[in-house]
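Visitor: What follows is a single structure, and I will ask about it in a moment.
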Amino acid sequence: MLHKLSVRRRRILQSMLGLGGSAALPLRAAPEAAAPAPLLSRRIPSSGEAMPVVGLGSWITFNVGNDRAARAECTAVMRQFFAAGGRMIDSSPMYGSAQDVIGDGLQQLGHPPRLFAADKVWTSSGGPAQIDDSRRKWRIRRFDLLQVHNLLALDQHLPMLLAMKAAGQLRYVGITTSEGRRHADILKIMAGQPIDFVQVTYNAVDREVEQRILPLARERGIAVIANRPFRRGELTEALRRHPLPPWVAEIGCASWAQVLLKFIVSHPDVTCAIPATSQLAHVRENMAAASGPMPAAAFRNSISAHVARLL
């Protein structure tokens, strides 16, 4: 009889807790928060250094001038980027106030040791002075990577950057282009110069680099940075009108942005993609694309074909 009463009392108590007392008297400990999924990384061929496959661009999005609220948003983006395991931030002197906004954010964040600082030189003269000015704006001692922006004044700047690397003033040297321009020149430089990085446009629609640039990068041991992953937002804006197809669950995607990024970073010859954003939700979304299942080659082709049909 006592046993039956005990059972009844226990059931009544559990029922009461279920109606409103469970917060005060939990029946079991709350589960611990799940650890963040590890990010896919690739090795920089010239050194073997590991690099998460999603970085952070700053073109347009970080050009916010002295707007305090906008600068705070950029700092929050950088904070979340580093918290998620990110490393590479890419900028340029031609991105308006972006360099200064990055430097301000880095100072507020205590100069995160994970930072891989990538910038560019692009004027036709005064390269060393421009590099020093960029470094002061970033508020760092030296850059990890400097790139000749759009091959401008290449004959002046590339020897200078290679000399800086030899002197220990720079870790990596690269070249950049965008929107499919000057690929023949890019290929010639890749074949004949000891560069560490090449930055090109690559996304689910712009795939020309798959034909010759990516294979040559693999052959020559050159890291590849993919710019314009969303075509400056054109792709995500066009795709948002369409529902996500069921097959995105197979690669762990919850948005079109993640589908587009996984298309890029799943290519074995891409070292890092650099989506640009000033929105906290977007940087979380982008960094999540660096983890979980990745599409194989046939799947990647299907993604590209599906995106093309929807545009």
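The values are calculated or read from the model by the stated rules, or taken from the named source; none is laboratory data. The structure displayed is predicted, hence computed values, not measured ones. Positions of Cβ are generated from backbone atoms using ideal geometry, with glycine treated the same way; all protein chains shown enter the neighbour counts. Surface accessibility is based on the protein's heavy atoms, side chains included, excluding ligands, DNA and RNA. Shrake-Rupley method; radii C 1.70, N 1.55, O 1.52, S 1.80 Å.
Visitor: Being outside any helix (DSSP H, G or I) and open to solvent by 30 Å² or more (accessible area, probe 1.4 Å) is the filter here, so list the residues in the stretch 130-171 that pass it.
Guide: Answer for the stretch 130-171, where residues must be outside any helix (DSSP H, G or I) and open to solvent by 30 Å² or more (accessible area, probe 1.4 Å): ARG139, ARG141, ARG142, LEU152, ALA167, GLY168, GLN169, ARG171.
Visitor: Looking only at residues that are open to solvent by 30 Å² or more (accessible area, probe 1.4 Å) and acidic (Asp, Glu) in the stretch 57-103, which one is farthest from PHE197 (Cα to Cα)?
Guide: ASP67
Visitor: Still on this structure, I have one more. Could you check the stretch 105-127 and list, in sequence order, the residues that are more than 20 Å from ASP196 (Cα to Cα) and surrounded by fewer than 20 Cβ atoms within 10 Å (Cβ to Cβ)?
Guide: Across the stretch 105-127, the qualifying residues are GLN107, GLN108, LEU109, GLY110, HIS111, PRO112, PRO113, THR123, SER124, SER125, GLY126.
Visitor: When the stretch 36-82 is examined, which residues are found to be free of Cβ contacts under 8 Å to residues at least 24 places away in the same chain and either among the aromatic types (Phe, Trp, Tyr) or within 16 Å of GLN107 (Cα to Cα) (or both)?
Guide: Passing the criteria: ARG68, ALA72.
Visitor: If only one of VAL259, VAL248 is outside any loop (DSSP other than H, G, I, E, B) and without any contact (Cβ under 8 Å) to a residue 40 or more places away in the chain, which one is it?
Guide: Answer to the selection: VAL248.
Visitor: Of everything in the stretch 41-56 that's touching a Gly at 6+ places or on another chain (Cβ under 7 Å) and open to solvent by less than 30 Å² (accessible area, probe 1.4 Å), which residue is nearest to ALA98 (Cα to Cα)?
Guide: LEU56
Visitor: Condition first: touching a strand residue (DSSP E or B) at 6+ places or on another chain (Cβ under 8 Å), open to solvent by 50 Å² or more (accessible area, probe 1.4 Å) and modelled with pLDDT of 75 or more. Can you find one or more residues in the stretch 24-40 that meet it?
Guide: yes
Visitor: Follow-up. Looking at (1) closer than 19 Å to GLY233 by Cα; (2) assigned to a strand (DSSP E or B); (3) not small (Gly, Ala, Ser), which one does GLU73 not meet, given that it meets all the others?
Guide: Of (1) closer than 19 Å to GLY233 by Cα; (2) assigned to a strand (DSSP E or B); (3) not small (Gly, Ala, Ser), only one is false for GLU73: (2).
Visitor: Moving on to the next point. Checking ALA191 against (1) at pLDDT 95 or above; (2) not in a helix (DSSP H, G or I), which test does it fail?
Guide: Failed condition: (2).
Visitor: Looking only at the stretch 278-296, which residues are open to solvent by 10 Å² or more (accessible area, probe 1.4 Å) and in a loop (DSSP other than H, G, I, E, B)?
Guide: Within the stretch 278-296, SER278, GLN279, SER291, GLY292, PRO293, MET294, ALA296 qualify.
Visitor: Might you let me know whether the stretch 154-164 holds any residue that is within 19 Å of ARG43 (Cα to Cα) and touching a residue at least 24 places away in the same chain (Cβ under 8 Å)?
Guide: no
Visitor: With the structure loaded, tell me whether GLY174 is in contact with a Gly (Cβ under 8 Å, 6 or more places away or on another chain), among the small types (Gly, Ala, Ser) and either under 26 Å from LEU280 (Cα atoms) or not in a helix (DSSP H, G or I) (or both) or whether it fails that test.
Guide: So GLY174 does not fit the description; no.
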